[in-house]
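One structure is given here, and the rest of the page talks about it.
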Amino acid sequence: MKKMVVAFCLAAAGIGLTSCGSTKNLAVPADIDGAWNIIEINGAAVVPAPGQAFPFIGFEAASGRVYGNAGCNRLTGSFDPKAEAGVIDLSRLGATRMMCPDMTVEQNVLNALAQVKHYVRLGEELIGLCGKSLKRPVLVLQRKAPDMVLADLAGKWNIVEAGGVAVPDTLENRPFLEFDVQQKRVHAQAGCNLLNGAFQTEEGAPASIAFPQLISTMMACPDMEVEDRVKQALNATRTFGRPADGDGVALFDEQGVQVMTLKR
């Protein structure tokens, strides 16, 4: 089914675009806002390595921030949100330095991104990223559907990892988060103290979440290390989604780093 969807999208891209210089297809920053799967590189469909997801890139139109994953490593950087319509320079993006068993897709993504100077609309769900030549897109992007929606957070979740460190099973007060998605409120145990308050989401960003005003009780416990990591992770959280193993909920910071893992 995935191969059929990709083939359909690429066919649609070919019909809708004659060149990256076509004025009728010029896009503005608002058109690229959000996250996009990279489905084509230099005319070839992207086929992720076994066990890896589609590489993706995301844009924040208001701030000019760029984020994503090239197939193995995280992408970070920025673009000029005030540039003229259809103009974008992605030649100076940064990436983390992890090694994965198959780096072929990632290397192709990074090489293509380094060429990008323009972007065009190919349809409601497709964007083309183009180089200097304007002859054809070097990358085709398809809007990335969120793997979770807010309603999926409802209920109580154990905090099993915070700040990249597993939470010990031996804690007397097991850390948890409990979401009331209707009221947009959260109740939590951080390891020593209880936390209560509202959470916030951004309109048009279905995977966004932040906890800017949680109120804590003021008890002191012999060991506050876990609680400190939990609070730091919650303060840093900007989005949510599925963790790599697909089980539970992952909370991510603004750079896309996973800062907390939740399990039922």
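The values are calculated or read from the model by the stated rules, or taken from the named source; none is laboratory data. The shown structure was predicted, so the numbers you read here are calculated from the model rather than taken from an experiment. We place every Cβ from the backbone using ideal geometry, glycine too, and count neighbours over all the protein chains shown. The area values use the complete protein model at the heavy-atom level, side chains included, leaving out ligands, DNA and RNA. Shrake-Rupley method; radii C 1.70, N 1.55, O 1.52, S 1.80 Å.
Here's the picture: charge each Lys and Arg Cβ at +1 and each Asp and Glu Cβ at -1 in the stretch 98-240, and of Val226, Leu129, Asn196 the one pushed furthest to the positive end of that dipole is Leu129.
Amide H contacts for Gly58 (H built 1.01 Å from N in the peptide plane; partners 5 or more residues away or on another chain; cut-off under 5 Å): Trp36, Tyr67, Gly68.
Placing R0 at 22 angstrom, the Cβ-Cβ distance between Asp180 and Asn235 gives a FRET efficiency of 0.60 after rounding to 0.05. Number of Lys-Lys pairs in the chain with C-alpha atoms under 23 Å apart and a separation of 8 or more places or on different chains: 17.
Between His187 and Asp33, what length in nm is gained on full extension when 0.36 nm per residue of separation is reduced by their alpha carbon distance?
52.3 nm
Multiplying the residue separation of Arg242 and Glu172 by 0.36 nm and removing their Cα-Cα distance gives an extension gain of 22.4 nm.
Charge dipole of the stretch 170-254 (Cα centre as origin; +1 on each Lys and Arg Cβ, -1 on each Asp and Glu Cβ, all else neutral): 200 debye, rounded to the nearest 20. Springs join every pair of Cα atoms under 10 Å in this Gaussian network model of the chain, and among Gln115, Gln182, Gln232 the largest mean-square fluctuation is at Gln182. Estimated from helices alone, the mean residue ellipticity of the chain at 222 nm is -4500 deg cm²/dmol (sum of -39500 (n - 2.57) over DSSP H runs with n ≥ 4, per residue).
For the chain, the residue among Ala44, Thr237, Ser63 whose Cα projects farthest onto the positive side of the dipole built from Cβ charges is Ala44. Using 0.36 nm per residue and subtracting the Cα-Cα separation, the extra length available between Val165 and Ala198 on full extension is 9.3 nm. The magnitude of the dipole of the chain, with charges of +1 and -1 set on the Cβ of Lys/Arg and Asp/Glu and taken from the Cα centre, is near 880 debye. FRET efficiency for Ala83 and Ser216, Cβ-Cβ distance as r, R0 = 51 Å, nearest 0.05? Efficiency computed from Cβ-Cβ geometry: 0.75. Exposure here means at most 10 other Cβ atoms within 10 Å; with GluC sites (Glu not before Pro) in a DSSP loop as sites, the longest stretch of the chain lacking them is 1-83. In this structure the stretch 28-90 gives 40 Å² per residue of accessible area when probed at 1.4 Å with all protein chains present. Given +1 at the Cβ of Lys and Arg, -1 at the Cβ of Asp and Glu and no other charges, the dipole of the stretch 35-189 around its Cα centre is 580 debye to the nearest 20. Between Pro81, Pro168, Pro55, find the one with the highest GNM mean-square fluctuation for the chain; connect C-alpha pairs within less than 10 Å. Comparing Pro81, Pro168, Pro55 in a Gaussian network model of the chain, the most mobile one is Pro168. Taking the chain as a Gaussian network of alpha-carbon nodes connected by springs under 10 Å, the highest mean-square fluctuation of the residues Asp89, Asp31, Asp223 belongs to Asp223. Considering the values (i) 39, 19, 16; (ii) 33, 22, 15; (iii) 30, 23, 18, which represents semi-axes √(5λ) of the Cα gyration tensor in Å as calculated for the structure under consideration? Correct label is (i).
Surface composition of the chain: carbon and sulfur atoms hold 54% of the protein heavy-atom accessible area at a 1.4 Å probe.
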